[in-house]
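Inspection log for the structure reproduced underneath, given as structure tokens.
The values are calculated or read from the model by the stated rules, or taken from the named source; none is laboratory data. These figures come from a predicted structure and were not determined experimentally. Here the Cβ is made from the backbone with ideal geometry for all residues, glycine too, and neighbour counts use every protein chain on show.
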Amino acid sequence: MRLMIHLFRIYPTASFLMVLALFLSGLAEGLGLSAMLPMLKIALSSGQTAENAEPPGELEQMVLDVLAWLGVPPTLGALLLLIVAMATFKAILLLAAQRQVGYTAARVATDLRLEVLRNMMRSRWSFFLHQPAGKLTNALATEAQRAADAYMFGAMSLTFFIQAIVYASVAVAVSWKATALSLVGGAVVIGVSHFLVRVSRKAGKRQTDLMNSLMSHLTDTLQSVKPLKAMARENLTDDMLRGETNRLKGALRRQVLASAALDAGQDLMFVALIAFGVYVALGLLSMEFATVLILAVTLGRTFAFLGKVQKQYQKLAQAESAYWSLKDTSGRAAAQQEHLGGHVTPTLERGISVHDLRFAYEGHNVLSGLDLDIPANRITTLVGPSGSGKTTIIDLVIGLLRPDSGEILIDGVPFETIDLHAWRRMVGYVPQETVLLHDTILHNVTLGDPAISEAQVVAALEKAGAWGFVSEFPERLATVVGERGGRLSGGQRQRIAIARALINGPRLLILDEATSALDTESEAAIIATLQVLKDDLTILAITHNESLAKGADVVHRLEVGGTLSRAG
């Protein structure tokens, strides 16, 4: 129950209201149940004279005293009415409790998703790079829901436990000795079957680990469907995922088997225990039939609810590993929270300067004492072979990475003193691989920002040279671009990506190999667009293509190891 205690501390008010409603509903059920004994006595002794009738027992006398205090006659009709009234009250309270449980479970899932997503988005870029996309997807989708289900199972376990206490209390009032002996037997049954809970807990943890691994590999594979199909190597997907899928199937089988065994075995043992108790009470102890009947009903319901407690706890044990896995992911991301620098509001009027910049990645020198300038309102290109540190320079300028030594100056202001979030709001970024969302052109440009109007989108598309072809589509901005932008050509996708980068009016536009996959005509059109844009902003581009380098105002040529060969 460690998970439930943890969640009760996080959601104290909701948990208190739930427990209060469950307690009151159990109390109402106990009051209604207590009226059954005198009701049975009245029904069974209807043909007996007052002299032959059995004297009332302790519980029966207590109920009769309460009825007398309320002014209700101890008749069969009055007792039946009391039972119905208490059952109604219990149903209303139980509905309120279950509604609170449902609301809280939904809140648990939502809060977990937001916590993981926020911490992951605020973490260092180097940490984010080492997190498989499939694992994060699985955490936000499957694990969050399993964690909410675990809370539901725990709450249901608490519900059944309170009801078990109510029935056991009535049984104690009827005969505490018989109840004590029966509860000892029930405890033995629970203890014998508890190993199945441990089996489920282990299978649930195994399921969590395997789902993380499977989703990570599946996400990577789905991103490579086109080359796999193009080379007729789809079978590799099946070969790679078959082993993990079979191991996941094994964990699920153990989980199902443990649940089924607990359902069947526990019910059988409880039935045998009740049957034995009834035989002893009637056959050996010659107890009154009405009393034995009440005991059989109350203890039978007590054991039934105790069994449900264990079964719901078994389900909680299966699912709770997802919650702790989510908290672990969130905690590791929070521990790697990115430092957002100082409080100086940045400007970009003169340019960016890099002095003696050094950076190493996992012991390998990427940049070694680099010096270069990126003047404002100019097109600056970084040209060089793979491994020369071009992308690293961009990541350092954006602030995704921090240099080992040296400094970066924005208009002469040290990068460490600048408000990093404000600086990134001034950056428009176009990645090498243009991946559009399977949504409309409007959404792909705004990314769902409600503060951006359609007029602003049209203006951004015009600056990017994209409005010409977008306006020819029948649905214009409402045109759905398809999976990863597949309904558009490469040049069209690139222009949509540039419009997305321009929508917030950046001061610095960064293009990371943005024209590498384009044909000559499309590349020339993009370069012409950049020549117009440089009047309003600074452009920094990585390229292997000499066409873009020829159209640039400043060209920095890099060697492997991050040294500058020459500038032009």
Would you tally the residues in region 156-167 being in contact with a Ser or Thr (Cβ under 8 Å, 6 or more places away or on another chain) and closer than 28 Å to Thr208 by Cα?
0
When restricted to Lys205, Lys226, the only residue at pLDDT below 70 and either of a type outside the set (Val, Ile, Thr) or not in a helix (DSSP H, G or I) (or both) is Lys226
Step by step: first the residues of region 448-463, then only those that are surrounded by 15 or more Cβ atoms within 10 Å (Cβ to Cβ) and within 37 Å of the chain's Cα centre (by Cα), then the one that is farthest from Thr529 (Cα to Cα). Which residue is that?
Ile452
Do you know which of the residues in region 420-454 that are hydroxyl-bearing (Ser, Thr, Tyr) and within 23 Å of Ala541 (Cβ to Cβ) is modelled with the lowest pLDDT?
Thr434
Within region 83-133, count every residue that is closer than 30 Å to Arg332 by Cα, β-branched (Val, Ile, Thr) and loosely packed, with under 13 Cβ neighbours inside 10 Å.
1
Test Leu511 against the stated conditions and say whether it is within 27 Å of Asp371 (Cα to Cα), assigned to a strand (DSSP E or B) and modelled with pLDDT of 75 or more.
yes
Is region 399-411 home to any residue that is under 14 Å from Ser353 (Cβ atoms) and touching a residue at least 60 places away in the same chain (Cβ under 8 Å)?
yes
Residue under question is Glu523, and the condition is that it be more than 23 Å from Trp467 (Cα to Cα) and either modelled with pLDDT of 75 or more or in the same structural domain as Ala464 (by TED's automatic domain parsing) (or both); does it hold?
no
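A quick yes/no check of all residues on (1) β-branched (Val, Ile, Thr); (2) assigned by TED's automatic domain parsing to the domain that holds Ile539; (3) over 13 Å from Asp411 (Cα atoms):
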position	(1), (2), (3)
Gly363	no, yes, yes
Val366	yes, yes, yes
Pro375	no, yes, no
Val383	yes, yes, yes
Can you say whether Thr110 is in the same structural domain as Met156 (by TED's automatic domain parsing), modelled with pLDDT of 80 or more and β-branched (Val, Ile, Thr), as far as the supplied structure shows?
yes
For region 469-477, does any single residue satisfy the condition of being in a loop (DSSP other than H, G, I, E, B), more than 22 Å from Ile526 (Cβ to Cβ) and not polar (S, T, N, Q)?
yes
Looking for whichever is crowded, with 19+ Cβ neighbours inside 10 Å and at pLDDT 70 or above here; the options are Phe195, Phe270. Which one fits?
Phe270
For Glu60, state whether it is acidic (Asp, Glu), farther than 21 Å from Phe161 by Cβ, modelled with pLDDT under 70 and in a helix (DSSP H, G or I).
yes
Across region 333-385, which residue is farthest from the chain's Cα centre (by Cα) among those that are farther than 21 Å from Asp512 by Cα and buried (at least 20 other Cβ atoms within 10 Å of the Cβ)?
Pro346
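Could you tell me how many of the residues in region 319-349 are part of a loop (DSSP other than H, G, I, E, B) and within 17 Å of Trp125 (Cβ to Cβ)?
Keep residues of region 319-349 that are part of a loop (DSSP other than H, G, I, E, B), which gives 336, 338-340, 342-343, 345-349.
Pick out the ones that are also within 17 Å of Trp125 (Cβ to Cβ) and you get 336, 338-340.
The number of residues fulfilling the criteria is 4.
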Inspect all residues belonging to region 132-139 and state whether any of them is part of a helix (DSSP H, G or I), in contact with a Gly (Cβ under 6 Å, 6 or more places away or on another chain) and among the β-branched types (Val, Ile, Thr).
no
Taking the conditions exactly as written (surrounded by fewer than 17 Cβ atoms within 10 Å (Cβ to Cβ), small (Gly, Ala, Ser) and over 32 Å from the mean Cα position of the chain (by Cα)), does Ser388 satisfy them or not?
no
